[in-house]
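Structure first, commentary second.
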Amino acid sequence: MIKHIKKSLLLSVVGAIFLSGWLAYYAISPLRLQPSSQEISIQPGSGLKGIANQLVAQGVLKEPWRFILLAKLLHKEQYLQAGSYTLNKNISPYQLLLSLNHGKTTQGSITFIEGHTFLQMREKLAINDAVKQTITGQSEADILRLVGSSHSVAEGLFFPDTFYFDRNVTDIELLKTSYNAMQTKLEKTWQGRDQNLPYTNSYQALIMASIIEKETGKASERPMIAGVFVNRLRIGMRLQTDPTVIYGMGLQFKGNIRKKDLLADTPYNTYTRSGLPPTPIAMPGLAAIEAALHPAKTKALYFVGKGDGSHEFSNSLDEHNRAVARYQLKK
């Protein structure tokens, strides 16, 4: 009887050692996926068995039971997370298990650029294969309602930045993130603004920031450009800035602004209308917002491009005309 027990124990020990060795070998052996890398997706609410079967269906595992056994022996079965993952060709079952355990999902990214319009923003969202499309065909008013905005025009309300996210996040979630970022940064900057600025609210400051963003070729000149426009607003002088005219032209703009375009009246033509245009004309970055709310202390009322991205600033029309002749007319 004792010999029989000893023999059974010995067989059990040998079997356990064999199983442990075999499982250890399986755990560290590369899966050797066919592509150099592979995207997989684990559905929310999946248990261990469901995850293993999804991995089989997506060509990662040949069968599910060894992966299930490995997860249970390592006590990882309760901590596997849904999401999208990128697997390299030689990932092992153990590395795969750790990735699922730690939720190392594949991140997507998108960059909204300063000076771009809301239309360009939507186009970038539409072509990003990591973003789940939900607003295709939705009107601008519908989108604003979904992000929680009371505005009727979306232009300028979203903050330009690079956003990282788990794959298959919805486009509206990204827009909410960008929208909330802009509202937070604008409000904080508005609270610390200079005194006696010619804006009645933060939205007008946002409009000015969008103009500064489009006019600035050299970052260090933003406060000076802001100073010129603020000076003009204070004395009731028209802003006369080409980017607003171009924005008002919409699809009619073909890359060249003509004299007749400057004379054609639209709500955005600051050559024919006084004050600020009705909405922003692009997404301003934080530096442009800061410039709008902290303009340079200057007497300048004019500026002209030098052709290298920088500008010549002038206090009087005579000075400005000479600068135009020098830099634009090459006289």
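The values are calculated or read from the model by the stated rules, or taken from the named source; none is laboratory data. The structure presented is a predicted model; accordingly, all values stated were derived computationally and were not measured. A quick note on method: Cβ atoms are made from the backbone with ideal geometry, for glycine too, and the neighbour counts reach across all protein chains shown. Heads up: the accessible areas ignore ligands, DNA and RNA and are worked out on the full protein's heavy atoms, side chains in. Shrake-Rupley method; radii C 1.70, N 1.55, O 1.52, S 1.80 Å.
Would you compute, from DSSP H runs of 4+ residues alone, the mean residue ellipticity of the chain at 222 nm, taking -39500 (n - 2.57) per run and dividing by the full residue count, rounded to the nearest 500?
-14500 deg cm²/dmol
With all protein chains present, how much of the accessible area of the chain (probe radius 1.4 Å) comes from carbon and sulfur, to the nearest whole percent?
The value for the chain is 54 percent carbon and sulfur by accessible area.
So for each of 169-175, 222-228, 56-62 I average, over its residues, the number of other beta carbons within 10 Å; can you give me the resulting order with the highest mean first?
Answer by packing, highest mean first, reads 222-228, 169-175, 56-62.
I need the phi-derived Karplus couplings for the range 158-167: 6.51 cos²θ - 1.76 cosθ + 1.60, θ = phi - 60°, integer Hz, Gly and Pro marked x.
Values, residue by residue: 10, 8, x, 6, 9, 10, 10, 7, 5, 4 Hz.
Given C-alpha coordinates of the range 204-272, what is the ratio Rg to Rh with the Kirkwood estimate of Rh?
0.97
Pull up all non-local amide H partners of Leu61: gap of 5 or more, or a different chain, and H-to-H distance under 5 Å with H placed in the peptide plane.
Excluding prolines and chain starts, which carry no amide H, the hits are Val56.
If each of Gln191 and Lys260 carries a label point 7 Å out from its Cα toward its Cβ, how far apart are those two points in nm?
Output for this residue pair reads 5.2 nm.
Under a 5 Å amide H to amide H cut-off, with H placed in plane at 1.01 Å, what residues pair with Thr170 once short-range neighbours are removed?
Excluding prolines and chain starts, which carry no amide H, the hits are Lys132.
Rounded to whole Hz and in sequence order, give me ³J(HN,Hα) for the range 306-321 from the Karplus expression 6.51 cos²θ - 1.76 cosθ + 1.60, θ = phi - 60°, writing x for Gly and Pro.
8, x, 10, x, 9, 10, 9, 9, 9, 8, 10, 5, 4, 4, 5, 4
Computed from the coordinates I sent, semi-axes √(5λ) of the Cα gyration tensor in Å equals one of [x] 63, 19, 18; [y] 33, 27, 17; [z] 50, 19, 17. Tell me the label.
The value matching this structure is [x].
Can you give me the accessible area per residue for the chain, using a 1.4 Å probe, in Å²?
Result: 55 Å² per residue.
Rounded to whole Å and sorted largest first, list the principal axis extents of the Cα atoms in the range 164-293.
Projected onto its principal axes, the Cα set of the range 164-293 covers 49, 39, 26 Å.
If you average the alpha carbon positions of the range 195-261 and of the range 89-104, how far apart do those two centres end up, in angstrom?
With the range 195-261 and the range 89-104 each reduced to a Cα centre, they are spaced 52 Å.
Which order do Lys76, Lys259 take when ranked by solvent-accessible area (1.4 Å probe, heavy atoms of all protein chains), largest first?
Order by accessible area, largest first: Lys259, Lys76.
Once you put a point 7 Å from the Cα of Thr170 and another 7 Å from the Cα of Thr200, both along the Cβ direction, what distance in nm separates them?
3.6
Starting from the Cα of Ser36, step 7 Å along the direction of its Cβ; do the same at Lys306; then give the gap between the two resulting points in nm.
Placing both labels 7 Å along Cα→Cβ, they lie 4.6 nm apart.
Within 15 Å, Cβ to Cβ, of Lys218, how many net charges do the neighbouring residues add up to if Lys/Arg are +1 and Asp/Glu are -1?
Taking every other residue near Lys218 into account, the sum is -3.
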